[in-house]
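The values are calculated or read from the model by the stated rules, or taken from the named source; none is laboratory data. Note that the coordinates shown come from a computational prediction; the quantities given were computed from them, not determined experimentally. Methodologically, a virtual Cβ is constructed for each residue, glycine included, from the backbone with ideal geometry; neighbour enumeration extends over all protein chains shown. Areas reflect the complete protein model, heavy atoms only, side chains present, ligands, DNA and RNA absent. Shrake-Rupley method; radii C 1.70, N 1.55, O 1.52, S 1.80 Å.
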Amino acid sequence: RKGDIETMMKEYHKAMESYKEGLELDPDNVQAKDGLRKTMAQINYGRHNMTDEEKKQQAEHSMADPQIQAILHDPVMQQVLKDFREQPQAAQQALKDPVVRAKIEKLIAAGIIETR
């Protein structure tokens, strides 16, 4: 239910985390599975239908989140993000680390990083 509320508030990075936590407690929970699937679809496909202004508003809203701020201020993540721009192979290597991967996924879900 928490994930559903976060999805309605367009806080997809939080919703994704809530659904995953729910699945850790009950791996067979259909509501959590569906919620995670819908949230991932919204992250991956919904942004393509957003205007530039809507994308900007989502990113600004996400930047107010302390978790997002912590990720962006983390020196390791700053280097990883720099590598994404300058050295894609180094970035791919960093994505093998599950902690880094989770943080990147959170930034994508928050609209801070956009994939094509």
### Query
Of all the Cα-Cα pairs you can form in the chain, what percent are over 26 Å apart?
21
### Message
Using a Förster radius of 22 Å, what is the FRET efficiency between Asn29 and Asn49 based on their Cβ-Cβ separation? Nearest 0.05, please.
### Response
0.15
### Task
Mind checking which lysines have their Cα closer than 20 Å to the Cα of Lys20? Skip sequence neighbours fewer than 8 apart in that chain.
Lys2, Lys10, Lys33, Lys38, Lys96, Lys103, Lys106
### Task
Give me the accessible area of Arg37, 1.4 Å probe, in Å² rounded to the nearest 10.
140
### Message
For the chain, what does the accessible surface come to per residue with a 1.4 Å probe? Please give it in Å².
### Response
67
### Query
When the Cα centres of region 26-77 and region 79-116 are compared, how far apart do they sit, in Å?
14
### Over region 52-116, equivalent-ellipsoid semi-axes from the Cα gyration tensor in Å
21, 13, 10
### Summary
Under 18 Å by backbone N from the virtual spin label 7 Å along Cα-to-Cβ at Val76, the residues of region 82-116 are 82-84, 90-108
#### Entry: Per-residue SASA entry for Asp26, accessible area with 1.4 Å probe, Å² rounded to 10
70
### Message
If the reach is capped at under 18 angstrom between alpha carbons, list the aspartates and glutamates near Lys55, excluding any in the same chain fewer than eight residues apart.
### Response
Glu6, Glu11, Asp65, Glu105, Glu114
### Query
Once a ≥ b ≥ c are taken as the square roots of the eigenvalues of the Cα gyration tensor of region 1-64, is the result rounded (a/c under 1.5), prolate (a/b larger than b/c) or oblate (a/b not larger than b/c)?
prolate
### Accessible surface of the chain, 1.4 Å probe, proportion on carbon and sulfur as whole %
53
### Relative contact order for the chain, counting Cα pairs under 8 Å that sit 6 or more residues apart, in percent
26
